[in-house]
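*Asks:* Structure incoming, see below.
The values are calculated or read from the model by the stated rules, or taken from the named source; none is laboratory data. Everything numeric in this text was worked out from a predicted model, so none of it was measured. Neighbour counts run over all protein chains shown; Cβ positions are idealised from the backbone, glycine included. Ligands, DNA and RNA are stripped out before the accessible areas are found, and what is left, the full protein with its side chains, is counted by its heavy atoms. Shrake-Rupley method; radii C 1.70, N 1.55, O 1.52, S 1.80 Å.
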Amino acid sequence: MYNYLLFDLDGTLTDSGEGIIHSVLYALKKFDIEVKDQAQLYDFIGPPLVESFQKFYHFSQEQALQAVCYYREYFSEKGIFENKVISGIQALLDELKHSGKNLVVATSKPEEYTIKILEHFNLSSYFQFVAGATMDETRNSKTAVIAYALNHLNIASKNEVVMIGDRKHDIEGAKDNDIDSIGVLFGYGSRKELEQAGANYIAESVEELRTLLAN
């Protein structure tokens, strides 16, 4: 039985694709890069941004950090709320909270943005702690974010903890911290991605996730 449930944000609690893609487009345009097929930018949803700009556009570390600054110009004003709660998630959080589960957010999104999003969508009351990335990128990997959350919670046994997310970074971060993971298919990752990363369980829907967490 899992008593501590760590939830990713983007693609797990909220459908944030529109705001993230618009922010990436804004940043790339500053480098005179035009994107014809926006679908290719879905890979930016979930992983740390610096890593993604380097991987997908071969930016140097300096260019990637500048791209993140441009990204935040748009995101902080508009992109942050080009977002919506995934259907069924709020009801699930309500059930889990009232059943005595300890709910935590663990995301690679900067903590201050995460808190604003949770408050905007009336989700903040469900979570006892929000673990996010730092704006200066000193804590931006999912492994580091999960470690930060675990240290704060001072959990006696890691067997009580599970990480829930839609991308391989959630699964790999959980493995790095010796906790179980549940991959969800209602976000932006594929079954193949989550299986290859080593997810302990995979939930196709919010209802399947509810069933897994009830055990």
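*Asks:* What nm distance separates the two modelled labels at S60 and E73, each placed 7 Å from Cα along Cα→Cβ?
*Replies:* 2.0
*Asks:* About its Cα centre, what dipole magnitude does segment 59-110 give when the only charges are +1 on Lys and Arg Cβ and -1 on Asp and Glu Cβ, stated in debye to the nearest 20?
*Replies:* 160
*Asks:* Looking at the chain, what % of its DSSP beta bridges pair antiparallel, to the nearest 5?
*Replies:* 10
*Asks:* Then there is this: Mind ranking 138-151, 26-39, 65-78, 176-189 by how tightly packed they are, going by the mean number of other C-beta atoms within 10 angstrom, highest first?
*Replies:* Order by mean packing, descending: 176-189, 138-151, 65-78, 26-39.
*Asks:* Another question, if that's okay. Using amide H atoms built in the peptide plane, which far-off residues or other-chain residues are under 5 Å from K109 H to H?
*Replies:* Counting only residues 5 or more places away or on other chains, the set is A133.
*Asks:* Relative contact order for the chain using alpha-carbon pairs under 8 Å, separation at least 6, rounded to a whole percent?
*Replies:* 25
*Asks:* Continuing with this model, one more query. Over the alpha-carbon set of segment 79-136, divide Rg by the Kirkwood Rh and report the Rg/Rh ratio to two decimals.
*Replies:* 0.97
*Asks:* Once the dipole of the chain is set up with Lys and Arg at +1 and Asp and Glu at -1 on Cβ about the Cα centre, which of A67, N151, A39 lies farthest towards its positive end?
*Replies:* N151
*Asks:* Fully extended, how many nm does the chain gain between S124 and D178 (0.36 nm per residue separation, minus their Cα-Cα distance)?
*Replies:* Full-extension gain reported as 16.8 nm.
*Asks:* For a quick size check, give me the Cα extents of the chain along its three principal axes, largest first, whole Å.
*Replies:* 51, 31, 31
*Asks:* OK, next. Can you pull the Rg over Rh of segment 1-79, Cα-only, Kirkwood?
*Replies:* Rounded to two decimals, Rg/Rh equals 1.04.
*Asks:* So, in nm, how far is label A156 from label H98 when the simple model puts each one 7 Å beyond its Cα toward the Cβ?
*Replies:* Modelled inter-label distance: 2.8 nm.
*Asks:* Sticking with this structure for a sec: If you plug each phi of segment 162-171 into the Karplus form 6.51 cos²θ - 1.76 cosθ + 1.60 with θ = phi - 60°, what whole-Hz ³J(HN,Hα) values come out, in order, with x for Gly and Pro?
*Replies:* Running phi through 6.51 cos²θ - 1.76 cosθ + 1.60 with θ = phi - 60° gives 9, 9, 10, x, 10, 10, 4, 5, 5, 5 Hz.
*Asks:* Once amide H atoms are built 1.01 Å from N in the peptide plane, which residues 5 or more positions from T14, or in another chain, come under 5 Å H to H?
*Replies:* I86
*Asks:* Over segment 47-161, what number does the Rg to Rh ratio reach, with both radii from the alpha-carbon atoms and Rh per Kirkwood?
*Replies:* Rg divided by Rh gives 1.01.
*Asks:* What's the magnitude of the charge dipole for segment 97-215 around its Cα centre, counting Lys and Arg as +1 and Asp and Glu as -1 at the beta-carbon? Answer in Debye, nearest 20.
*Replies:* Once rounded to the nearest 20, the dipole reads 120 debye.
*Asks:* Still on this structure, I have one more. Given a 1.4 angstrom probe, what's the average accessible area per residue across segment 88-192, in square angstrom?
*Replies:* 42
*Asks:* Okay, next question. Taking the convex hull of the Cα atoms, report for segment 114-193 its projected area averaged over all directions, in nm².
*Replies:* Reported value for the Cα convex hull: 6.0 nm².
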